[in-house]
Structure formats: structure tokens, C-alpha cells
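K.L.:
I have a structure I would like to understand better, so I am pasting it below and will then ask my questions one at a time.
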Amino acid sequence: MKGFKPLLIASAIALSFTSTSLLADTTDGLERVKVDLVAPPQVHAHEQATSSKPKVVQFRMTIEEKKMVIDGQGTTLQAMTFDGSMPGPTMVVHEGDYVELTLVNPASNSMPHNIDFHAATGALGGAKLTQVAPGEEVVLRFKADRSGTFVYHCAPEGMVAWHVLAGMSGTLMVLPRDGLKDPEGKPLHYDRAYTIGEFDLYIPKDKDGKYKDYADLGSSFQDSREAMRTLIPTHVVFNGKVGALTGDGALTAKVGETVLFIHSQANRDTRPHLIGGHGDWVWETGKFDNPPEKNLETWFIRGGSAGAALYTFKQPGVYAYVNHNLIEAMELGAAGHVKVEGEWNDDLMKQIKAPGPITAK
Amino acid sequence: MRALLVGAMLLGGCMQTSGIDESDWVRIAAGTARYQAADASGATFEQHSDGFAIMRRQVSQAEYAACVAANACLPLDGDLREASAADLAAVGVSWMDASAYAQWLTQRTGVVHRLPTYAEWVLAAGEAFQDIQAEVFDDARNPAQRWLAEYDRESRRKPLDPRPRAFGSQGSNANGLLDVAGNVWEWTDSCFGKGDFCGIRIAAGQHPSGLSDFVRDPISGACSVGVPPSNLGFRLVRE
């Protein structure tokens, strides 16, 4: 044992000459905060602008493989999820902060998993450093060195598409330290933030055209792969299920409130539209260093990205928030609702004559 | 002999001119139906009827299949195309299909058969009919209050198991009608809305549903919410 001591000292001296020593850590002295994640469409409480120094923000996500019902007919998906929800929880940090994620793959799961953060630099977004077998956990830290809404997703070699399409994606939002701004640099605020994760699903069917139900994850793989390769989704859903954001699950707001809609699609292009409303300020690509676009009717979210739209509600009622490919919205499920309470504004809209017989003039 | 008999029935031959068996009809006495407008506009309707006969059960798969075999009704979609059970309701039928069946039965029997009006269905359904609760809003100038209330009401409706169930297994009402307001909604002749144009009819059941007359399998879309009818079927009335 004694014999090794000089060698250890030597290596310590050698390391002290490099800029990033193993003994000193770049995050030494930074504040460390633990954040509890919440299930979408909610987003955990966060500051919109911060005067604090960069922090290390610690998150913990447990991967859950489970069967989930994805429509009103009881159709099931052998799902894989970050923290049990589709999409996984939205994480919020500020530019310059460090994201430190503990990724847990419980022994009850049957597959290895990992995570690729589109916001992270190197190692395939962290995927190379986070491969965890059932019964393992891993901790990854990366610097959030650019602002924006970014997708994260599972990316195990050879099975990326399946894991992502079975539910494993979510959003990391990196806010500018001084908050969101319009193109003139004026600050923009929101009263509520909602996160919407859109999924195109490919549920295998039997010979009679009925959706198949699988006893376990592994047995669903081959058929799911074939269904995926058709590129024709059987369902296109927000937050894991047809109707997840309707009825009891509808989003709410009040007239005068400003809402930030974060919308991710890890696989396929989509085009959100708020029926009866607009996007006052929209970061289509989600990257806040680019000036937002004003007064959009529909915005385009590229597959493999997350975007953000800010809107102040001006009129009460029930709004539909849809993918404006209307086949996907009305037939396949990509629709949610926003219930908005408040006073009606006759100046903005008024029914001058109720439907009735056509008169001569 | 049996094959011949079945063949004659399928062809709508003279062996069964009476159509639906007399024991399958229920007499509803004269009365006045009262109900809220199906579109939840807040309007209330009152309609008097002098009485009529209505089928105790819904039209069966076997009965509809006979109409198809006679080339008087259109075949149904998917698996329902082959459906021919005598103890299950014909479902997956549009208002047009139901009307075609009524017309065929009328021609075959010489007795006018037709779909009930919504008011007649309300009378026949009796205690099984649950009207929409009238709601009063304090600010008539804010239409959104009503929209939000309608939305919440529709959101509370839960889906029923749509799988077919034998006649009578969903109960009978005081008038002796079977399976009223169960998992099969029944087409009526009444228009959803007012005016001369009538492309949308009321399907009666646990809640009234306005549906285009060609719809066989209702879905709820992004602009509507809540639960569409589980199945669409029908029963007929005679004067």
C-alpha cells in the first residue's frame, strides 16, 4: 500500500497543471438547488429572470416502462416514459446554469435507457454517458450554455425511434438570465406556462384491423417497428392520450393573463394553432436569442425540436389548441382546449344578427 | 323447408307481410313532452302528441340485414356488414339508413312506419329521459359563460362500454320499452336547430346529440368535447 503513495502524488501534481483538474471542479462554490419536477402540462415553479449567479440545478427522473391507454377506446401502448408521463416533465433553468440529472432505471424495468439533451454539448447530448441498465442510476451534469426550449429524449443504440415513439421525450427550457424579450429588448412575462408534448403513435393492428394489446414491452417491439415504418401514425396525441388536454384535463386561463405554450415534438413536424386566438410572440424554433415573431396564426415546430408561443387572452370562452393538420387534430387526436374566464369584449367581436331566415337585403 | 323459409324472409316475401311482431309494439298515450333545446340554447320546448305505437326494442341486426338482402338498405361498414343477430340492435346506422329501413317496412306492410320525433321519444322514454338542466346566466352579453358551462357539462359525461348487449339487458322503463338511454342512441326525425334546412338530426339517448344524417359512427373532434354516442341505432313508430 505504501508503495503506491509517490505515484498518487505524482499524478496529482500532473493534473494540477491542466486547466480542469479532477480535484477542482468548475462548479465548486456554486449554489446547488434541487428541483422537484411536476407532470405536464404543468411546469415547475421557476423565476422568469434571475439576478443570481449560475447554479447547479439538480433534477431526478425515474424511467417507468408501463402500459398506457392512449385513446377513448381503450387502445394501449407499451410505453416507456421519463418519470411516468408523456412527455416527460419540463425542466427549467437559466442560461449559464448547470443541469445535473440523476437518471434512475429501476430493476423492475426490462430495457436499458439513456438520455440525449439537445441543449447539451458532447457525448451525443449525454447519451453516451447515461446508458443505464435496469437496477442502475447515473448522474450527468452539463452546462446550459445557450437559451431556448430544447427536446430531450432517450437514444439507446439501434432503438432510438422506438424508445422516442413509445413516450421517451420531453423539454428542457433554458431561459435567458434576464428573461424573455421582444425584438426591441423589452421584457416579456407570462402568468402561466403550459408544456405540450406531441406524439405520433403507431399502434399495430391484427388481421381484423383491431389494435393489438401486448402483455409486455418486448413482445410489442417487432410489430411496433413495422407499424412505425409505414410512417402513417394511428394516433397523433398531445400529452400521451387522445383528449388528455380536454374536459377535466383542459388548460385554464383568465382574460388578461399571458400564457407561455411550450410545444415539443421529438419525431415529426407539427403546426400548432390556437383556434380563436393567436401567438403574440412566437419563438418557432424555440431559441430565445433569436427575436420572436409577432402575431402569428400558426407556427411550425420542426420534428426534433420544441418551440414556445406567448399569448395574452383577450376574450373568454373555450379555445381549441390544435395541430392545424386537421386530420391529425380531429381524427387522430392532436387537440386540446383552453378554458378562459372573464368579460366578453363586444368591440373585438359581436354577433350582430343571430342565425335566421335570409332576408331580401 | 327451413332454407326456403329463411330465403323468403330475406327476400322480404309474402310470408311475413306484418313486419315487426305485434308483441314488439308498445302504445304510448296522448301527452305533452317538455324538454330543453338539444343545442343548450336555453330554449324550452313543449310538444303535444295524440299518442302512437313505438317498438318495445330497437330494430335488430337480423331485421336490418333482411332490408339489405332486399336491396332496400345499404350494407353497414366493417364487421357490422355481416351482423345478423336477432337479439342485438342494428348499430352503425345513419339517419339515412334508418329512414330507408322505415320506408322499406312501410312499403312491405302497407302501414306507415317512421322514426319518432324527439318529442315522441321523450314521451316514450318516460322516466328514462333525463333533461338537460336549464342554466341561467347573470350576464346575457357574455356568450362565453354559456360556452364554458356547456363545456363543463359535456366534460362530465363519461363514455359507456359500446359493446353490443342483448335486448332487455339494459333494463325496461315504465312504458315497457327496453334499453332506453343505454349504450345505443336512437335516431329521431327531429332537426337539430331551426330553419328549413335539416341535415342534422337529433339522436336521442342519455343526452341528445346533433349529428349529420349520414353519420354512422360518431366521433368527437377538436371543436367539440365530451362523449359522442356509443352507438347509433333506432326504433320505429306507427301512427
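The values are calculated or read from the model by the stated rules, or taken from the named source; none is laboratory data. Since we're looking at a predicted model, the values are computed, not measured. Cβ: placed from backbone, ideal geometry, glycine included. Neighbour counts: every protein chain shown.
Residues are listed down the side, and each one gets a yes or a no for (1) among the aliphatic types (A, V, I, L, M); (2) closer than 18 Å to A:TYR194 by Cα; (3) free of Cβ contacts under 8 Å to residues at least 60 places away in the same chain; (4) in the same structural domain as A:LEU201 (by the TED database):
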| residue | (1), (2), (3), (4) |
| --- | --- |
| A:PHE300 | no, yes, yes, yes |
| A:THR312 | no, yes, yes, yes |
| A:GLN315 | no, no, no, yes |
| A:ALA320 | yes, yes, yes, yes |
| A:ILE327 | yes, no, yes, yes |
| A:ALA334 | yes, yes, no, yes |
| A:TRP344 | no, no, yes, no |
| A:ASP347 | no, no, yes, no |
| A:GLY356 | no, no, yes, no |
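K.L.:
Would you point out the residue of the stretch A:215-242, among those that are among the hydroxyl-bearing types (Ser, Thr, Tyr) and touching a Leu at 6+ places or on another chain (Cβ under 9 Å), that is nearest to B:VAL227 (Cα to Cα)? Write out each step before concluding.
P.N.:
Looking only at the stretch A:215-242, we keep the residues that are among the hydroxyl-bearing types (Ser, Thr, Tyr), and these are A:219-220, A:224, A:230, A:234.
From what is left, the residues that are touching a Leu at 6+ places or on another chain (Cβ under 9 Å) are A:220, A:224, A:234.
Values: A:SER220: 30, A:SER224: 29, A:THR234: 20 Å.
Only one residue tops the list, namely A:THR234.
K.L.:
From the list A:TYR190, A:TYR214, pick out the single residue that is over 22 Å from the mean Cα position of the chain (by Cα), surrounded by fewer than 21 Cβ atoms within 10 Å (Cβ to Cβ), in a loop (DSSP other than H, G, I, E, B) and in contact (Cβ under 8 Å) with a residue 12 or more places away in the chain.
P.N.:
Working: A:TYR190 fails: over 22 Å from the mean Cα position of the chain (by Cα).
Step by step, each of A:TYR190, A:TYR214 is checked, and only A:TYR214 is over 22 Å from the mean Cα position of the chain (by Cα), surrounded by fewer than 21 Cβ atoms within 10 Å (Cβ to Cβ), in a loop (DSSP other than H, G, I, E, B) and in contact (Cβ under 8 Å) with a residue 12 or more places away in the chain.
K.L.:
Hey, another quick one. Counting only residues that are surrounded by 16 or more Cβ atoms within 10 Å (Cβ to Cβ) and hydrophobic (A, V, I, L, M, F, W, C), which one in the stretch B:149-167 is nearest to the other protein chains (Cβ to nearest Cβ)?
P.N.:
B:LEU160
K.L.:
So, of the residues in the stretch A:329-352 that are under 30 Å from A:ASP200 (Cα atoms) and within 7 Å of chain B (Cβ to nearest Cβ), which turns out to be surrounded by the fewest Cβ atoms within 10 Å (Cβ to Cβ)?
P.N.:
Step one: filter the stretch A:329-352 for residues under 30 Å from A:ASP200 (Cα atoms), giving A:329-340.
Remaining after also requiring within 7 Å of chain B (Cβ to nearest Cβ): A:329-330, A:335, A:337, A:339.
Values: A:ALA329: 26, A:MET330: 19, A:ALA335: 28, A:HIS337: 24, A:LYS339: 21.
Here the answer is A:MET330.
K.L.:
Something else now. Suppose we filter the stretch B:46-76 for residues that are acidic (Asp, Glu) and surrounded by fewer than 12 Cβ atoms within 10 Å (Cβ to Cβ); how many remain?
P.N.:
Initially, the stretch B:46-76 is screened for residues acidic (Asp, Glu), giving B:46, B:50, B:63.
If we keep only those that are surrounded by fewer than 12 Cβ atoms within 10 Å (Cβ to Cβ) too, we end up with B:46, B:50.
The qualifying residues number 2.
K.L.:
I've got another one for you. Residues of the stretch A:243-269 being within 14 Å of chain B (Cβ to nearest Cβ), touching a Phe, Trp or Tyr at 6+ places or on another chain (Cβ under 8 Å) and among the β-branched types (Val, Ile, Thr), which ones?
P.N.:
A:VAL255
K.L.:
Something else: Would it be correct to say that B:ARG201 is more than 10 Å from chain A (Cβ to nearest Cβ), touching a Leu at 6+ places or on another chain (Cβ under 7 Å) and part of a loop (DSSP other than H, G, I, E, B)?
P.N.:
no
K.L.:
All but one of (1) outside any loop (DSSP other than H, G, I, E, B); (2) out of contact with any Pro (no Cβ under 7 Å at 6 or more places or on another chain); (3) not aliphatic (A, V, I, L, M) hold for B:THR188; which doesn't?
P.N.:
(2)
K.L.:
Looking at the stretch A:141-157, is at least one residue surrounded by fewer than 17 Cβ atoms within 10 Å (Cβ to Cβ), without any contact (Cβ under 8 Å) to a residue 12 or more places away in the chain, within 14 Å of chain B (Cβ to nearest Cβ) and out of contact with any Ser or Thr (no Cβ under 8 Å at 6 or more places or on another chain)?
P.N.:
Within the stretch A:141-157 (the criterion being surrounded by fewer than 17 Cβ atoms within 10 Å (Cβ to Cβ), without any contact (Cβ under 8 Å) to a residue 12 or more places away in the chain, within 14 Å of chain B (Cβ to nearest Cβ) and out of contact with any Ser or Thr (no Cβ under 8 Å at 6 or more places or on another chain)), the answer is no, since none of the residues qualifies.
K.L.:
If I filter the stretch A:39-91 down to residues being part of a loop (DSSP other than H, G, I, E, B) and β-branched (Val, Ile, Thr), which single residue comes out as surrounded by the most Cβ atoms within 10 Å (Cβ to Cβ)? Give the derivation first.
P.N.:
Taking the stretch A:39-91 and keeping what is part of a loop (DSSP other than H, G, I, E, B), we get A:39-54, A:70-75, A:83-84, A:86-90.
Next, from what is left, pick out any that are β-branched (Val, Ile, Thr): A:43, A:50, A:70, A:75, A:90.
Working: A:VAL43: 20, A:THR50: 19, A:ILE70: 26, A:THR75: 20, A:THR90: 28.
Step by step, filter the stretch A:39-91, then rank; the result is A:THR90.
K.L.:
Among (1) among the hydrophobic types (A, V, I, L, M, F, W, C); (2) touching a residue at least 24 places away in the same chain (Cβ under 8 Å); (3) surrounded by 15 or more Cβ atoms within 10 Å (Cβ to Cβ), where does A:LEU296 come up short?
P.N.:
Looking at each condition in turn, A:LEU296 falls short on (2).
K.L.:
So in the stretch A:276-293, with the set limited to residues that are in contact (Cβ under 8 Å) with a residue 40 or more places away in the chain, out of contact with any Pro (no Cβ under 6 Å at 6 or more places or on another chain) and surrounded by 17 or more Cβ atoms within 10 Å (Cβ to Cβ), which one is nearest to A:MET349 (Cα to Cα)?
P.N.:
This residue is A:GLY277.
K.L.:
Moving on to the next point. All but one of (1) within 14 Å of chain B (Cβ to nearest Cβ); (2) surrounded by fewer than 16 Cβ atoms within 10 Å (Cβ to Cβ) hold for A:ALA320; state the number of the condition that does not hold.
P.N.:
A:ALA320 satisfies all of (1) within 14 Å of chain B (Cβ to nearest Cβ); (2) surrounded by fewer than 16 Cβ atoms within 10 Å (Cβ to Cβ) except (2).
K.L.:
Next question. May I ask you to verify whether B:ARG146 is within 14 Å of chain A (Cβ to nearest Cβ) and surrounded by fewer than 18 Cβ atoms within 10 Å (Cβ to Cβ)? I'd like the intermediate steps shown before the answer.
P.N.:
Values: within 14 Å of chain A (Cβ to nearest Cβ): yes; surrounded by fewer than 18 Cβ atoms within 10 Å (Cβ to Cβ): yes.
Yes, satisfied.
K.L.:
How many residues, within the stretch A:113-138, are more than 25 Å from A:VAL174 (Cα to Cα) and surrounded by fewer than 17 Cβ atoms within 10 Å (Cβ to Cβ)? Lay out the reasoning, then the answer.
P.N.:
We begin by selecting, within the stretch A:113-138, every residue more than 25 Å from A:VAL174 (Cα to Cα); these are A:132-136.
If we keep only those that are surrounded by fewer than 17 Cβ atoms within 10 Å (Cβ to Cβ) as well, we get A:133-136.
Within the stretch A:113-138, residues that are more than 25 Å from A:VAL174 (Cα to Cα) and surrounded by fewer than 17 Cβ atoms within 10 Å (Cβ to Cβ) number 4.
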